[in-house]
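The values are calculated or read from the model by the stated rules, or taken from the named source; none is laboratory data. Given the structure is predicted, the values throughout are model-derived calculations rather than measurements. Cβ placement follows ideal geometry from the backbone for every residue including glycine, while neighbour counts extend to all protein chains displayed.
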């Protein structure tokens, strides 16, 4: 599995939503996420960290009047080059 994450600052949310809708994109319900991250003892976190780390993510989704909750356990490491 390969994960790529891109973050951008959004200037015109309504314009973006209109452009996506015009392309036929349908967005689902929002997901509330809470992450707990665990690194190796003595390793400094943050950008530039190449040591492997673990993430436990708890997700809560609303589906109508029901709320579902799940936990994801992820091992991550930086890949360079």
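Before moving on, here are some points about what is shown:
- When residues in segment 47-61 are screened for being farther than 13 Å from residue 76 by Cα and loosely packed, with under 12 Cβ neighbours inside 10 Å, 2 of them pass.
- In segment 50-81, the residue that is modelled with the highest pLDDT out of those that are within 15 Å of residue 5 (Cβ to Cβ) and in a loop (DSSP other than H, G, I, E, B) is 77.
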